[in-house]
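Everything on this sheet refers to the single structure shown next.
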């Protein structure tokens, strides 16, 4: 009788501790709207992670800079205030990993096929490994898309940029890109761009169409040039101490969920950008400008200055590896 009571007590205790065990919480912070490619992919990762771990993991997604702005989120991750981010690749140079600025070089990728040879190949994985000494583990790359240029005047030739104040992310490469065509680059947090455009603090900016549309920038920009001059993508990253401290089975499940979320993210990126451009056109608020091959070549020729200025900083061997993968020929 005593043994039976002890067994019953043990079973009840085990059940109680299992029932009361709090789920592992992953705070996933990002700065864009929920219905952008990144926002949708973050929500999809949440869905997969929670379903596959049967509730042992809870993913809290905070879009639109609800928790942290651009400049704050990386420090928050390193301190463990959040566990997961998907910052744009330009954010890693200020962290001391300037190699990632290779993605900011203008015209380095002509299409997604060229891009994925890098992000889904050995070069991309090698770059993610460089984050580990900073207390960060890189899990994956998510596409956003190729950037268009917006302004309140038509931007068709390099001369059209002269004197324009254009918002950029904090990136020495993007700074050089804008200066190479005579513009004045202005670093601003993403959450501040709409108001800056509205009030004339800056004259224009560059973004994939999905960001332009979901942040309503097209409502305060008269022209959008379909330049596809640069790429904007993200690296999904986690706090290293948190990730390594997870139970091995949970980590394996989350890796699988991230793999599937990445496939989803990259599939919807082009679709969302195409739909955003169509919506911008339909709104009638911004006039879309298509570059001729000659005009695009002139942009490339001017902006190649950014390649020459920063290849040494980024790493000549890395730049050559990317050129080899994409077939890029500098002027």
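Things to note:
- The residue that is surrounded by the fewest Cβ atoms within 10 Å (Cβ to Cβ), among those in region 314-331 that are at pLDDT below 95 and under 14 Å from residue 107 (Cβ atoms), is 329.
- So residue 238, is it surrounded by 20 or more Cβ atoms within 10 Å (Cβ to Cβ), touching a strand residue (DSSP E or B) at 6+ places or on another chain (Cβ under 7 Å), part of a loop (DSSP other than H, G, I, E, B) and touching a residue at least 12 places away in the same chain (Cβ under 8 Å): no
- Look at region 70-88: where a residue is at positive phi and a partner is at pLDDT 95 or above, sitting 6+ places away or on another chain with Cβ atoms under 8 Å, you get 80/239; 80/241; 80/242.
- Residues of region 10-49 satisfying the condition of being modelled with pLDDT of 90 or more, over 23 Å from the mean Cα position of the chain (by Cα) and surrounded by 10 or more Cβ atoms within 10 Å (Cβ to Cβ): 23, 24
- Residues in region 154-169 that are touching a helix residue (DSSP H, G or I) at 6+ places or on another chain (Cβ under 7 Å) and assigned to a loop (DSSP other than H, G, I, E, B) were compared, and the one that is surrounded by the most Cβ atoms within 10 Å (Cβ to Cβ) is 155.
- Residue count for region 118-151 satisfying the condition of being under 20 Å from residue 208 (Cβ atoms) and either in contact (Cβ under 8 Å) with a residue 24 or more places away in the chain or touching a helix residue (DSSP H, G or I) at 6+ places or on another chain (Cβ under 8 Å) (or both): 15.
- Meets criteria (touching a residue at least 40 places away in the same chain (Cβ under 8 Å), farther than 24 Å from residue 48 by Cα and surrounded by 13 or more Cβ atoms within 10 Å (Cβ to Cβ)) for residue 311: no
- Test: residue 173 is at pLDDT 95 or above, out of contact with any strand residue (DSSP E or B) (no Cβ under 6 Å at 6 or more places or on another chain) and either crowded, with 22+ Cβ neighbours inside 10 Å or in a strand (DSSP E or B) (or both): yes
- Residue 82 meets each of the listed conditions (1) at pLDDT 95 or above; (2) surrounded by fewer than 19 Cβ atoms within 10 Å (Cβ to Cβ); (3) assigned to a loop (DSSP other than H, G, I, E, B) apart from (2).
- Qualifying residue in region 201-211 (condition: under 26 Å from residue 27 (Cα atoms) and assigned to a helix (DSSP H, G or I)): yes
- Qualifying residues in region 50-67 (those that are assigned to a loop (DSSP other than H, G, I, E, B) and over 27 Å from residue 190 (Cα atoms)) - the one modelled with the lowest pLDDT: 55
- Residue in region 270-281 that is assigned to a helix (DSSP H, G or I), more than 24 Å from the chain's Cα centre (by Cα) and surrounded by fewer than 17 Cβ atoms within 10 Å (Cβ to Cβ) present: yes
The values are calculated or read from the model by the stated rules, or taken from the named source; none is laboratory data. Computed from a predicted model, the values in this text were never measured in an experiment. Ideal geometry is used to build each Cβ from the backbone, glycine not excepted, and the neighbour counts take in all protein chains shown.
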